[in-house]
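Notes to accompany the following structure.
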Amino acid sequence: MAKALIIVDVQNDFTPGGALPVEEGDAIVPRINELAAAGDFDLVVATRDWHPSDHGSFAEQGGPWPVHCVADTPGAQLHPALDTSAIDVIVDKGQDPGTEGYSGFDGTNLADLLHERDVDEVVVVGLATDYCVKNTALDALRAGLGVRVDESAVRGVDVQPGDSARALDELRAAGATVE
């Protein structure tokens with residue numbers, strides 16, 4: 001069987017200076033680059049929020065978030081420090097205006113892609129721990145995959161203090177390894 005690295009939403013809008021910045025969101029990029037270049041993975045996937053301009057998660061549409069990661073805008077692009085040469089596939093998510101699209105599996109071909117490559121274990125890293133990382137890891141577990149979250153390569157929004165720690169606890173309780 002095979003092992004995949006899933007890099008979740010390391011995009012300009014989620015890093016300092018972006019529309020919905022995660023504090024120190026750019027600080028995880030060197031560790032992600034190290035993991036992607038290590039040769040330990042048969043497949044390296046990056047997900048991107050790739051929203052239409054009228055996405056339902058945006059405050060102007062009644063959602064909780066400012067406009068972010070609108071398809072084909074600079075904010076939606078992968079962070080420039082992320083070494084994209086190590087990425088095999090980019091999976092765009094959050095394209096349906098009626099869904100949050102927090103998980104890399106929601107409305108995408110990620111499950112099929114992993115199945116086609118005989119992936120049985122994934123390492124999940126990226127942004128944000130308490131939303132897209134958590135939901136992607138939970139869906140990977142639901143798909144029957146072994147899941148590890150590299151705690152040094154994730155950061156959270158922490159809308160409420162402690163949200164990221166609670167998300168990691170939830171992942172541990174669901175069967176993921178967090179280290």
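Stick to Cα atoms and the Kirkwood definition of Rh, then tell me Rg/Rh for segment 83-179.
0.96
Quick check on segment 37-129: take the gyration tensor over C-alpha atoms, sort the square-rooted eigenvalues as a ≥ b ≥ c, and tell me if it's rounded (a/c under 1.5), prolate or oblate.
Prolate.
Given only helices, namely DSSP H runs of n ≥ 4 each adding -39500 (n - 2.57), what is the per-residue ellipticity at 222 nm of the chain, to the nearest 500 deg cm²/dmol?
One gets -6000 deg cm²/dmol as the mean residue ellipticity at 222 nm.
Can you compute the charge dipole magnitude of segment 82-136 about its Cα centre, using +1 on each Lys and Arg Cβ and -1 on each Asp and Glu Cβ, nothing else charged? Give it in debye, rounded to the nearest 20.
180
For GLN160 and ILE90, what does the FRET efficiency come to when R0 = 30 Å and r is the distance between their Cβ atoms, rounded to the nearest 0.05?
Once rounded, the FRET efficiency stands at 0.45.
Residue farthest toward the positive end of the dipole of segment 88-167, with Cβ of Lys/Arg at +1 and Asp/Glu at -1: which of VAL91, LEU127, SER103?
LEU127
By per-residue mean of other Cβ atoms within 10 Å, what is the highest-first order of 55-63, 87-95?
Per-residue mean Cβ counts within 10 Å order the peptides as 87-95, 55-63.
Write down the Å³ per residue value for the convex hull defined by the alpha carbon atoms of the chain.
Taking only Cα atoms, the chain has a hull volume of 103 Å³ per residue.
Which one, ALA2, PRO80, GLN61, is farthest towards the positive end of the dipole of segment 1-132 when Lys and Arg carry +1 and Asp and Glu -1 on their Cβ?
Highest projection toward the positive end goes to PRO80.
Hey, got the dipole for segment 93-175? About the Cα centre, +1 on K and R Cβ, -1 on D and E Cβ, debye to the nearest 20?
120
Mind listing the Cα extents of segment 13-80 along all three principal axes, in Å, largest one first?
43, 24, 19
So if I place +1 on the C-beta of Lys and Arg and -1 on the C-beta of Asp and Glu, and nothing else carries charge, what would the dipole magnitude of the chain be about its Cα centre? I want it in debye, nearest 20.
Charge dipole, the chain, about its Cα centre: 160 debye, nearest 20.
Where a number appears in this text, it was derived from the coordinates with a stated rule and is not lab data. Values in this document were obtained by computation on a predicted structure and should not be read as measured data. We place every Cβ from the backbone using ideal geometry, glycine too, and count neighbours over all the protein chains shown.
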